[in-house]
Amino acid sequence: MLEKEVVYEATLDHDFLDEIYSLPGGKEVKRCIQCGTCSGSCPQGAVMDHAPRKIFSLIRAGFRNEVLGSNTIWFCSSCYSCAVRCPKEIKITDVMYALKRLAIKEGKVTEGRKSAVLSRNFIKMVNKYGRNHETELMTRYIIEADLLNAFNFAPVGLKLFSNGRLPILPHKMKNVDQLRKIIRKVDEMEGI
């Protein structure tokens with residue numbers, strides 16, 4: 001007896017490529033020659049569900065949900081190894097950041113994505129204080145993403161605190177309102 005072939009139809013978004021092209025650094029996606037240098041250079045490649053070059057291929061093919069739902073954009077460690085080695089000098093890390101922002105904007109971040117929680121709260125800190133406040137960032141992260149392991153963070157937190165590296169009160173940047181204006185302008189330009 002022959003097995004019935006199951007065909008899965010992917011949802012394609014034919015405007016996705018144009019949308020990515022409109023993001024900062026997005027036009028560079030079309031310059032990718034699929035050489036694999038980025039994927040081979042990535043220290044996080046083993047834990048990604050799609051290598052960076054496959055993400056670019058999926059973008060070109062219109063697989064919006066697969067790209068924005070991928071863990072690749074969240075596991076990018078911003079080390080720039082891919083960008084430094086890319087023969088086409090594509091700023092791959094910048095594209096990953098743009099994809100993160102788009103995924104957050106569209107609510108495509110699946111629950112439990114710890115790096116998304118960290119990223120979202122980091123942005124909140126910068127908007128609030130003009131810089132990161134590590135104590136508040138980690139507190140928010142633990143509460144939202146890793147509450148069950150909260151006590152595992154205590155030894156490191158106490159050591160950082162005792163060495164003066166984890167301030168209780170935040171330090172607000174002078175002229176933080178000017179930074180907020182810049183951030184709002186960038187958000188407007190990106191359509192966020």
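Read the figures in this text as sums done on the coordinates, not as results from a lab. All values derive from a computational prediction rather than experimental measurement. Every residue, glycine as well, gets a Cβ built from its backbone with ideal geometry; the counts of neighbours run over all protein chains shown.
Couple of notes before you dig in:
- Highest average packing first - 64-72, 180-188, 35-43, Cβ atoms within 10 Å: 64-72, 35-43, 180-188
- Global form of the range 111-192, assessed from the alpha-carbon gyration tensor, a/c cut-off 1.5: oblate
- The charge dipole of the chain, taken about its Cα centre with unit charges on the Cβ atoms of Lys, Arg (+1), Asp and Glu (-1) only, comes to about 960 debye.
- Extending 7 Å from Cα along the Cβ direction at residue 166 and again at residue 77 yields two label points whose distance is 2.2 nm.
- Structure-derived volume of the Cα convex hull per residue in Å³: which label, when the choices are (1) 175; (2) 193; (3) 122: (1)
- Under 5 Å between amide hydrogens, built in the peptide plane, is the criterion, and for residue 63 it picks out 13 among residues at least 5 positions away or on other chains.
- Additional length obtainable on full extension of the chain from residue 89 to residue 184, 0.36 nm per residue less Cα span: 31.3 nm
- The calculated FRET efficiency for the pair residue 128 and residue 19, based on their C-beta separation and a Förster distance of 35 Å, comes to about 0.75.
- Here is how the number arises for the chain: DSSP H runs of 4 or more residues each give -39500 (n - 2.57), the sum is divided by the residue count, and the result at 222 nm is -16000 deg cm²/dmol.
- Entries of 30/181; 100/181; 27/100; 54/105; 27/114; 108/172 with Cα pairs more than 25 Å apart: 30/181; 27/114; 108/172
- Within the chain, 32, 35, 42, 76, 79, 86 have no other Cys Cβ under 4.7 Å of their Cβ and so lack a disulfide-compatible partner by this rule.
- Summary of packing: across the peptides 127-136, 91-100, the per-residue average of other C-beta atoms within 10 Å ranks them, highest first, as 91-100, 127-136.
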